[in-house]
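Written below as structure tokens is the structure these notes are about.
Just so you know, all these numbers are worked out from the coordinates, no wet-lab data involved. These numbers were taken from a predicted model, which means no experiment stands behind them. Ideal geometry is used to build each Cβ from the backbone, glycine not excepted, and the neighbour counts take in all protein chains shown.
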Amino acid sequence: MTIMLKLFNTLTRTLEEFKPLNDSKVGMYTCGPTVYWDAHIGNFRSFVLEDVLRRVLELKGFEVKRVMNITDVGHLTSDADEGEDKMLVAAKREGKTAWDIAQTYLDKFVSDTTKLNIVLPPKPLLCRATDHIAEQIDLVKILLDKDFAYQTSDGIYFDTSKFPNYGKLSGQKLAEKEEGARIDINPEKRNKTDFALWKFSNPVGARRAVPQPKRLMEWESPWGTGFPGWHVECSAMAHKYLGQPFDIHCGGVDHIAVHHENEIAQSEAAFGVKLADYWWHNEFLTVDGQKMSKSLGNFFTLADLADKGFEPLALRYFYLGAHYRQLQNFTLDALGAAQNALRKLHNLARDLVKTGTTLAEFESEFLSAVNDDLNMPKALAVVWKLMDSDATAGDKGATLLWMDQVLGLSLDKYVAHPVEIPDEIKVLAAERQEARDAKDWDQSDKLRLEIEKHGWTVEDGKAGQKLLHKD
Ligand code: AMP
Ligand code: ZN
């Protein structure tokens with residue numbers, strides 16, 4: 001059995017044994033949501049899998065200090081330092097202030113995460129960018145003092161050519177990155193890959209063809225009124241709450257090439273030490289092979305899925321069905337299959353009891369799946385192997401609940417909570433069996449729908465019909 005947790009480290013591009021800086025504590029930073037709209041279920045793939053990682057570390061006995069930022073500053077819709085302020089767009093769309101937009105979508109995010117059993121860090125570790133403007137200004141000051149930054153007419157920029165390791169996370173040299181960078185509208189930038197640390201609300205000189213609308217969020221700084229560049233908040237807040245270096249930094253793969261590369265550059269240039277030891281990135285949730293994203297409009301929110309009759313934890317079960325480093329394609333059918341599997345698990349759990357002992361054989365098989373770079377599909381297979389085994393109801397119950405510390409499927413609500421099948425459902429099921437015996441499929445389907453209306457589902461197997469409670 002593998003005892004040690006192995007994780008793929010984007011920084012070294014290898015599978016590495018996870019060794020924290022401190023024997024018993026782990027510092028973990030996860031890039032959080034931008035709260036100008038509902039988070040979609042692509043975003044939640046990242047947040048759920050990061051929650052699984054946290055649970056695994058805690059199961060291993062580490063005390064995890066997790067930090068998540070909330071991006072509530074109105075950044076620009078394009079990476080090329082141009083475009084509209086996302087908060088401003090949302091404020092116009094909804095007739096609210098940018099501050100109201102941020103609060104509304106932060107509240108929705110917290111409520112969605114609760115439904116998905118994601119445990120968010122407590123305040124202040126769940127930290128809003130707008131509550132940390134002073135820390136961001138301090139970081140920019142350090143970078144200017146150390147000559148890693150320079151001022152232009154529209155803001156302060158990080159000089160990527162001064163940071164020798166620029167590109168180490170994505171494995172790209174500065175020249176390659178320059179090739180890939182977009183054409184920029186600021187001719188004063190020294191390198192195309194240089195990025196904004198602080199932007200001025202009113203650029204000096206009229207370089208912009210179109211005057212910028214009045215910003216709804218802006219702050220005083222030693223260099224003029226403006227707002228921080230997007231990447232700065234993560235470096236400033238990670239340093240404040242975790243210090244530097246810390247153990248593990250997480251996010252989706254889209255952040256590797258720009259956002260995380262830039263976080264590393266700023267933090268390491270400012271404080272002279274490594275930002276984080278391990279860089280953990282999860283792959284995208286896709287739709288028809290394309291990344292699920294707000295800009296492509298191919299997204300679902302948790303509320304959309306609830307309208308279609310899906311439970312949030314069915315989505316969590318669905319996510320567990322793919323390895324975090326693999327693309328996962330989303331379809332409603334696949335989510336339906338996950339929901340059925342989860343209901344089946346709930347129903348089996350109802351007949352178990354909690355009084356047994358965890359079974360070492362299943363425990364070690366589950367752990368070796370988890371230790372193998374969080375192989376959750378394999379871990380789920382061990383769950384089903386346990387359910388199919390002839391272990392006692394007590395031992396199964398105890399082992400399942402032990403596994404659920406990592407799965408986070410609220411199985412505690414089901415283990416040892418049997419539900420009696422009501423007489424009216426039994427009668428409907430018997431009638432349906434008669435219809436099936438007579439090959440009257442229309443009648444059988446009608447009775448299935450009737451049974452479903454009462455909160456039950458029927459599964460047809462070799463041994464005949466099986467009634468499952470929907471909850
Ligand atoms: P954002 O609010 O865009 O910064 O995204 C929040 C988190 O969701 C980041 O870690 C992103 O990398 C991640 N993310 C965005 N789209 C997807 C997707 N389609 N699949 C998985 N993760 C995503
Ligand atoms: Zn970040």
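Quick notes
- The chain - share of DSSP beta bridges that are antiparallel (%, nearest 5): 50
- Neighbour counting of Cβ atoms within 10 Å sorts the residues Phe284, Phe227, fewest neighbours leading, into Phe284, Phe227.
- Distant-in-sequence amide H partners of Met217 (H built 1.01 Å from N, under 5 Å): none
- Taking amide H as placed 1.01 Å from N in the peptide plane, Val67 has its amide H under 5 Å from the amide H of Met28, Tyr29, Thr30, each at least 5 places away in sequence or on another chain.
- Dipole of region 296-440 computed with +1 at Lys/Arg Cβ and -1 at Asp/Glu Cβ about the Cα centre; of Val427, Ala391, Trp402, farthest Cα towards the positive end is Trp402.
- Mean sequence separation of contacting Cα pairs (under 8 Å, at least six apart), scaled by the length of region 205-337, corresponds to a relative contact order of 20 percent.
- Listed by chain and number, the aspartates and glutamates whose alpha-carbon sits under 17 Å from that of Lys162, ignoring those within fewer than 8 places in the same chain, are Asp145, Asp147, Glu176, Glu178, Glu188, Asp194, Glu261, Glu263, Glu268.
- Modelled FRET efficiency - R0 56 Å, Lys354 with Gln151, Cβ distances, 0.05 increments: 0.30
- Relative to the longest principal axis of the Cα atoms of the chain, helix 41-59 runs at roughly 80 degrees.
- Rounded to the nearest 5, the antiparallel percentage of DSSP beta bridges internal to region 15-282 is 40%.
- Relative contact order (percent, whole number), the chain, Cα cutoff 8 Å, 6+ residue spacing: 17
- Listed by Cβ neighbour count within 10 Å, with the fewest neighbours leading, Lys462, Lys439, Lys19, Lys108 appear as Lys462, Lys439, Lys19, Lys108.
- Label point at Asn165 placed 7 Å out along Cα→Cβ; residues across region 253-271 whose backbone nitrogen lies under 13 Å: 261-271
- Pairs from the table (Lys108/Lys470; Lys60/Lys291; Lys86/Lys177; Lys60/Lys115) lying more than 28 angstrom apart at Cα are Lys60/Lys291.
- Here, the chain is characterised by an Rg to Rh ratio of 1.04, where Rg is the alpha-carbon radius of gyration and Rh the Kirkwood radius.
- Cross-link partners of Lys462 among aspartates and glutamates (Cα-Cα below 17 Å; sequence separation of 8 or more within a chain): Asp388, Glu434, Asp437
- Helix axis angle, 133-145 relative to the chain longest principal axis, alpha carbon, degrees: 50
- Two-site label geometry, Ser368 and Asp138: point separation in nm, points 7 Å out along Cα→Cβ: 4.9
- DSSP beta bridges in region 1-133 [antiparallel fraction, %, rounded to 5]: 35
- For the pair Lys385 and Lys240, a Förster radius of 41 Å applied to the C-beta separation gives a FRET efficiency near 0.35, rounded to the nearest 0.05.
- Pairs from Lys141/Lys168; Lys344/Lys446; Lys19/Lys378; Lys378/Lys453 whose Cα-Cα separation, in the structure shown, is over 32 Å: Lys378/Lys453
- Fewest-first sequence of Trp37, Trp230 by Cβ atoms within 10 Å of each Cβ: Trp37, Trp230
- For the peptides 88-101, 308-321, the ranking by mean Cβ contacts within 10 Å, running from highest to lowest, is 308-321, 88-101.
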